[in-house]
1. Residue 33 fails exactly one of the following numbered conditions: (1) out of contact with any helix residue (DSSP H, G or I) (no Cβ under 9 Å at 6 or more places or on another chain); (2) open to solvent by 100 Å² or more (accessible area, probe 1.4 Å); (3) at negative phi; (4) not hydrophobic (A, V, I, L, M, F, W, C). What is the number of that condition?
2. Mind checking whether some residue in region 69-83 is modelled with pLDDT of 90 or more, on the phi > 0 side of the Ramachandran plot and either charged (D, E, K, R) or out of contact with any His (no Cβ under 9 Å at 6 or more places or on another chain) (or both)?
3. Under 7 Å between Cβ atoms, which residue pairs at least 6 apart in sequence (or on different chains) link something in region 56-76 that is without any contact (Cβ under 8 Å) to a residue 12 or more places away in the chain with a partner that is open to solvent by less than 40 Å² (accessible area, probe 1.4 Å)?
4. So in region 19-40, with the set limited to residues that are in contact with a Leu (Cβ under 7 Å, 6 or more places away or on another chain) and under 21 Å from residue 51 (Cβ atoms), which one is modelled with the lowest pLDDT?
5. Condition check: in a helix (DSSP H, G or I) and surrounded by 14 or more Cβ atoms within 10 Å (Cβ to Cβ). Does residue 46 satisfy that?
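The values are calculated or read from the model by the stated rules, or taken from the named source; none is laboratory data. Since this is a predicted model, take the numbers as computed values, not measurements. Using ideal geometry, Cβ is built from the backbone for each residue, glycine included, and neighbour counts are taken over all protein chains shown. These area figures cover heavy atoms from the full protein model, side chains too; ligands, DNA and RNA do not enter into them. Shrake-Rupley method; radii C 1.70, N 1.55, O 1.52, S 1.80 Å.
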Amino acid sequence: QYPSILAALIAIYPEFEWDSSVVRTRMPRKYWDCTKNQRLFFDGFAKKHNIQQPSDWMNFTYLQVAEEGGAYLLQQYDSLFSALQTLYPEYEWDVSSTRMQAPRNYWGDKNNI
């Protein structure tokens with residue numbers, strides 16, 4: 001009936017906030033295809049590292065996010081910056097204030113010149 005133990009826990013006990021990184025280390029197939037799940041991961045990462053505003057992401061790298069469970073999720077994006085832009089569209093993302101290095105192919109886009 002449920003595709004995973006996590007899905008069962010969420011359905012049966014919706015009153016709890018389930019942290020997927022604690023419940024299991026391997027996510028159900030297609031879990032990271034859902035942007036809601038991606039955002040939940042980044043929200044948890046931000047809370048854990050006290051990230052309060054977009055510029056705070058400058059202190060974190062793609063590798064750091066990957067090592068804390070976001071590797072497969074990040075494979076869906078060109079960079080950490082592009083993941084953040086997609087998952088948090090309500091923020092104005094300025095590559096110069098949020099990244100020490102521009103994402104791959106950033107300067108190839110005429111809109112960024």
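1. Only one criterion is unmet by residue 33, namely (2).
2. Looking for residues that are modelled with pLDDT of 90 or more, on the phi > 0 side of the Ramachandran plot and either charged (D, E, K, R) or out of contact with any His (no Cβ under 9 Å at 6 or more places or on another chain) (or both), one finds none in region 69-83, hence no.
3. That search, which allows pairs on different chains as well, returns 66/74.
4. Residue satisfying both the conditions and the ranking: 20.
5. yes
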